[in-house]
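Notes for the one structure printed next.
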Amino acid sequence: MPSTSPFGRVISAMVTPMRENGSVDLDAAQRLATWLADQGHDGLVVNGTTGESPTTTDREKADLVRAVLDAVGTRIKVTAGVGTNVTAHTIELARQAELTGAHAVLVVTPYYNKPPQAGLVAHFRAVADATQLPVMVYDIPGRSGVPLAKDTLLALAEHPGIQAVKDAKADYWQASSIMDQTDLLWFSGDDAANLLHFANGAYGIVGVTSQVAPLWYAEMVAAARAGDFARLREIHRALAPLVEAVMTRTQGAIAAKAGLTHLGVIPGGHVRLPLIPATEDEYAAVASALDALGATTVPSVAAEQTEPSGEPTA
């Protein structure tokens, strides 16, 4: 696999920091992006589902991409989430992302309307035709209601602009076959399954939990690149309580914001309805898992720090 990609390899689907009144906090978004870049990320997804893209406006999406690019765009790759269940709107957002300066786009499978496979091929090709940016396809039937079939992915791989897949489908047999037959870069889109994806040959991650423990995930990807599966399993098991706290008790955006608030990276866990802030129990679960992780063996990527931990460095 290539040593670099237009998306990066250690990537988080970044939350969108918000103020108590629900407005987007661009200053906090820049601080978060900078912290993640400092902590080992080489890519970010802005305006993904974890960024509450269903409830942000097109203008807010453009402002977020621009703000993150201004903060870290010369250091890491910034991928803009542009997927909707309307092809024309998705094309508009892809063109907007390109004009704004994004390095790539993430396009989720159209949700709720459950198009046939031929419609999915036409949708993704239309978006890829409309922009010069590399496209990462997001296969997540748990949210979209329809999986991308093997033949669909093979057909999409023939388009030069479609270069990667974010896989949250848990069909590892199919994933292995697609990776064997195409040059698509494969990214784990399921925090609990990163180990399985890397064993299957995945290129990198697009995570949620990764933004609250970025050094650990940078080390996980480094271990995968080195083929050090003993270290990979060690990191996977160390992270398991945190992944459970972030991904299984409430929506990932809610829990990730709680974790980032606990770490002092963003000023609060404010979200927009229909999401609601973490409950006291949900917050405590994430905070406890983060605190416990900070007391364990520290990843080697943090070795230059005097007293590394799961918390952000000064």
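Coordinate-derived values only; no laboratory data. Worth saying up front: this structure is predicted, and the values here are computed from it rather than measured. Using ideal geometry, Cβ is built from the backbone for each residue, glycine included, and neighbour counts are taken over all protein chains shown.
A few remarks follow.
- Test for residue 186: is it free of Cβ contacts under 8 Å to residues at least 24 places away in the same chain and over 21 Å from residue 83 (Cβ atoms): no
- Selection count, region 236-252, where residues are surrounded by fewer than 24 Cβ atoms within 10 Å (Cβ to Cβ) and assigned to a helix (DSSP H, G or I): 9
- In region 224-235, of all residues being among the charged types (D, E, K, R) and in a helix (DSSP H, G or I), the one that is farthest from residue 284 (Cα to Cα) corresponds to 225.
- Residue pairs whose Cβ atoms lie under 7 Å apart, sitting 6 or more positions apart in sequence or on different chains, and linking a residue in region 89-115 that is more than 21 Å from residue 44 (Cα to Cα) to a partner that is of a type outside the set (Ser, Thr, Tyr) and buried (at least 24 other Cβ atoms within 10 Å of the Cβ), do not occur here.
- Pairs meeting the criteria (first residue in region 273-296 and in contact (Cβ under 8 Å) with a residue 60 or more places away in the chain and of a type in the set (Val, Ile, Thr), second residue surrounded by 14 or more Cβ atoms within 10 Å (Cβ to Cβ) and part of a helix (DSSP H, G or I), beta carbons under 7 Å, at least 6 apart or on different chains) are 286/245; 286/246; 286/255; 286/258; 286/259; 286/262.
- Residue 94 under 16 Å from the mean Cα position of the chain (by Cα) and not polar (S, T, N, Q): no
- Qualifying residue in region 79-95 (condition: closer than 20 Å to residue 11 by Cα and assigned to a helix (DSSP H, G or I)): yes
- Selection status of residue 93, in contact with a Lys or Arg (Cβ under 8 Å, 6 or more places away or on another chain), among the aliphatic types (A, V, I, L, M), surrounded by 22 or more Cβ atoms within 10 Å (Cβ to Cβ) and under 14 Å from residue 138 (Cα atoms): no
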